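Heads up, the thing below is written out as structure tokens.
Derivation of every value follows stated rules applied to the coordinates shown; laboratory data play no part. Just so we're clear, the structure is a prediction, and the values are computed from it rather than from any experiment. Note that each Cβ is placed from the backbone with ideal geometry, even for glycine, and that neighbours are counted across all protein chains shown.
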Amino acid sequence: MIDSTGNTVSTGLNVNSIRADFPILQRKIHGQNLVYLDNAATTQKPNQVIKSLTDYYEQTNANVHRGVHTLSIEATDGYELARSKVADFINAPRSEEIIWTRNTSESLNLVAATWAENNVVAGDNIVITAMEHHSNIVPWQQLAFKKGAELRYFAHNSDGIIDLEHAMTVIDERTKILSVTHMSNVLGTVNPISELAGRAHDVGAVIMVDAAQSVPHMPVDVQDLDADFLAFSAHKMLGPTGIGVLWGKVSLLEDMPPYMFGGDMILEVTYEDANWNDLPYKFEAGTPNIADAFGTGAAVDYLSRLGMKNVWRHEQDLTAYAMERILSLDTVKILGPKDPSMRGGVISFIHDSIHPHDLGTALDQQGIAIRTGHHCAMPLVRSYDVVAAARASFYIYNTKSEVDALVNGISETEGYFNR
Ligand code: C6P
């Protein structure tokens, strides 16, 4: 329910007060109020996150794990505190299971280049869905080529719902790893990770979850999911760019070789050889992204204060409203589940006569930011017999009046093209 000022009251978020935390939402684009609907690509940053970065550089800046001086100790404490906040946020049993990476893509590559490199042999198979982002396809393709392994896909129906029966048969005794998106960045589908994890574990495989689109938007509990590895990016959850997370079970991480070599990831180096530091440092070679870890901690604090259940409810509410409004146009087809309760706040759509890039450009003239293109999921988008789609994606600061602006913007664009 929305009150007279545009607040979503029933979902527990005070959207007006949230919006006041985001300076960029005051911007005008081509003289219009910014309507930012490209949150699946990256989210905007609240003052609290921006301030944590300036505070860090103004008050704390020093290298971590290296100094005995006050600044270095404070930087180390803050860097490790952020790690433990992230661990709590996804209910990881131990903070040393949180590895800082650059982003989801690097987290996925890390597992392909270390765990899978060590465990996949010729004749094995790697299983993914047909709705993956390129970052969860290409590393596995390359590994399969290198190892003589097979890359298998399991199907989904035309509504973007996974065919679990098919998945159960595609995953077999030669499956070593299953790597699945928790929520599709194109279809919005939320996939049944625990069921897939059960099947993976039954055949002795591990399951990696691409949580780039889920951790920012819904409560995610790695233990409930029964996952083995999970990857996400801070920039999609109010945090800075350039930092991401790999979570892995300690027993798996312990057995994996390092991904990169250098300072901080070693215990001892001689002229002849070296051995590796304890977790998580074994995977964090060189000076890490300290400032952005502070920023990620601030982003986690912000989301935790709102409550992830409330965040999810707000987005579901907005998604249901947006689907109804967009479909009322009759000129637009929405990809993904028809039932809004089966999806997150990502709506990809195709107009029957306006190319997505033209639509995106026309909407930008009205201050509305959406994404257009293949959304880094080329095989999936092409499977719908198109090369591009338009996509609106929501976050905590979006309102129903912004959805109205989008729908009016599409109508206006239709008027312009049909003139
Ligand atoms: N999707 C989008 O507009 P990085 O770029 O490493 O932070 O995240 C990669 C990634 C992996 N998996 C999924 C499901 C994703 O959605 C993304 C990023 C953005 O849809 C940018 S392409």
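Here are some notes:
- Cα-based helix-to-principal-axis angle, 356-365 vs the chain, degrees rounded to 10: 80 degrees
- Other-chain or far-sequence residues with amide H under 5 Å of residue 152's (modelled H): 126, 127, 128
- GluC sites (Glu not before Pro) within segment 224-300, DSSP loop, no more than 14 other Cβ atoms inside 10 Å: 272
- About its Cα centre, the dipole of the chain is roughly 1000 debye, where the only charges are +1 on Lys and Arg Cβ and -1 on Asp and Glu Cβ.
- Summed side-chain charge close to residue 294 - residues other than residue 294 whose Cβ falls under 15 Å, Lys, Arg +1, Asp, Glu -1: -3
- Per-q log10 I(q)/I(0), segment 61-148, q = 0.10, 0.15, 0.23 Å⁻¹ (Debye; single scatterer per alpha-carbon; no solvent): -0.41, -0.74, -1.08
- Residue range of the chain that is longest and free of chymotrypsin sites (Phe, Trp or Tyr not before Pro) which are both DSSP loop and sparsely packed (at most 13 other C-beta within 10 Å): 1-260
- Neighbour counts of C-beta atoms inside 10 Å place 228, 202 in the sequence 202, 228, starting with the fewest.
- By the helix-only formula, in which each DSSP H run with n ≥ 4 contributes -39500 (n - 2.57) and the sum is divided by residues, the chain has a 222 nm mean residue ellipticity of -10500 deg cm²/dmol.
- Length-normalised contact order of segment 50-305 in % [C-alpha pairs under 8 Å, at least 6 apart]: 24 percent
- Computed over neighbours whose Cβ is under 15 Å from that of residue 20, the net charge equals +4, Lys and Arg +1, Asp and Glu -1.
- Out-of-range pairs (alpha-carbon distance over 19 Å; input 249/282; 146/176; 176/282): 176/282
- 76, 189, 54 arranged by Cβ crowding within 10 Å, fewest neighbours leading: 54, 76, 189
- Surrounding net charge for residue 121, when Lys and Arg each add one and Asp and Glu each subtract one, Cβ distance under 12 Å: +1
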